[in-house]
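The values are calculated or read from the model by the stated rules, or taken from the named source; none is laboratory data. Because the structure is predicted, anything quoted here is derived from the model rather than measured. With ideal geometry, Cβ positions are generated from the backbone for all residues, glycine too; neighbour counts draw on all protein chains shown.
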Amino acid sequence: MTDPTHDPQFLRDPYPAYAALRAACPVQPLATGAGARAGYLVTGYAEAREALADLRLSKDTAAFFAGRESRRRLHPAVAHTMLATDPPRHTRLRKLVTKAFTTGAVARMRPFIARVTDELLDRLPTGEQVDLVAALAVPLPVVVICELLGVPEAERPAVQRWSGELFAAGNPELIDAASHSMAAYMARLIADKRSRPGRSLLDDLVAARDGDDRLSEEELVSLGVLLLIAGHETTTNFLGNAVLALLRHPEVLDHLRDDLDRVPAALDELLRFDSPVGTATFRYATEDLTLGGVGIPAGAPVTVALGAANRDPERFPSPDRLTPDRDAAAHLAFGHGIHRCVGAPLARAEAEIVLRALLTRFPRLRLAVPPGQLQWRHTRLVRGLTTLPVLT
């Protein structure tokens, strides 16, 4: 198959295309426009779960692209984050940040998240049209992750802008420039933390760099950039997709509003139904292997379509139905295996708090435009709305 991301219909609703691909074969070759093999696409749930846990599918992009000419000038701190490493380096880096996203650590952040959510909702007019992405889904995760990392308030708009530009599909020059801006800013912020230590997660990482763990300066900058970007991009998309799903399924929205204690259990189904990450980040085969009965040669890139896997009827019956009481905990929206999203507990907490507040404070919330007029981000990597016009 060829890359479908230039098809507006695919961006609006990729699931029919994914279903057709999965029915034909859950693992199949991707082709460039010229017909040359570009890798393999995984759309089946069992095959996706297996691929995500298979250490023969490396994420070491530096090794894969070594010696290959490229016109891109993506900053190494963005190109070679923790997401693009294998054990043992990945194990070491992940250990340093995991403690910030434990259940206990996130629980201590909930009052702050709730306060920011209320402040943002206080600004929404009643009975008028607002863009819920710009008014809530973007600023809340940005404020939360910036607070966690100790980013000064005045500098957060620039961080938000650079992060958005990093996902500007089809504009490699803008992406590359944003990567350098983000990396340069993180280097300055780290220098500031060294001269004026605080109590943020970034301060902890700086201390680890200067202590026994001996993070290199490149690793320190890269971890900071990754946390800034991943700490809000996925959550922004999750919030927008979840609210849209509920607005398009008023019976489910009423079901949750009638008993707000159902919201936490419904989060997994909302994540499954419209995954905020469309495809997992880059992997390639380090040796010949077989996946789903399909032979994959060494060196071939493998793309795992998380959104497709989450709609596999072999794992989730009637997958195109939003069923709030479904046991969807095995979804792959946050990945699987050693690279599963370390910030998943924080994203879930933010979504739960937002949905509870919206359902309580805006009982008449509804879409302001037909679903077909909604605009989606032009990238296959993440799945999210550029705007979500609603009537409050």
Pair list, Cβ < 8 Å and 6+ apart or interchain, from region 167-186 residues that are among the basic types (K, R) to residues that are modelled with pLDDT of 90 or more and part of a helix (DSSP H, G or I):
none
Restricting to region 342-385, count the residues that are touching a helix residue (DSSP H, G or I) at 6+ places or on another chain (Cβ under 7 Å) and either among the aromatic types (F, W, Y) or within 22 Å of A168 (Cβ to Cβ) (or both).
6
Exactly one of (1) closer than 16 Å to A230 by Cβ; (2) buried (at least 23 other Cβ atoms within 10 Å of the Cβ); (3) of a type outside the set (A, V, I, L, M, F, W, C) is unmet by R340. Its number?
(2)
Turns out the helices (runs of 4 or more DSSP H) fully within region 1-95 with at least 2 residues that are at pLDDT 85 or above and under 21 Å from the mean Cα position of the chain (by Cα) are 8-12, 15-24, 45-53, 76-79
Please name all residue pairs, on different chains or six or more residues apart, with Cβ atoms under 7 Å, provided the first residue is in region 8-33 and is over 16 Å from L374 (Cα atoms) and the second residue is among the polar types (S, T, N, Q).
Y18/T43; L21/Q28; L21/T43; R22/T43; P26/T43; L30/T303; A31/T2; G33/T2
Being under 23 Å from the mean Cα position of the chain (by Cα), at pLDDT 95 or above, more than 29 Å from G127 (Cβ to Cβ) and hydroxyl-bearing (S, T, Y) is the requirement here; does T323 meet it?
yes
Going by what's in this entry, would L391 be described as over 20 Å from L267 (Cα atoms), in contact with a Lys or Arg (Cβ under 9 Å, 6 or more places away or on another chain) and modelled with pLDDT of 95 or more?
yes
For region 161-191: of the residues being in contact with a Lys or Arg (Cβ under 7 Å, 6 or more places away or on another chain) and assigned to a helix (DSSP H, G or I), which is surrounded by the most Cβ atoms within 10 Å (Cβ to Cβ)?
D176
Of all residues in region 99-138 being of a type outside the set (D, E, K, R), assigned to a loop (DSSP other than H, G, I, E, B) and farther than 19 Å from R156 by Cβ, the one that is modelled with the highest pLDDT:
L124
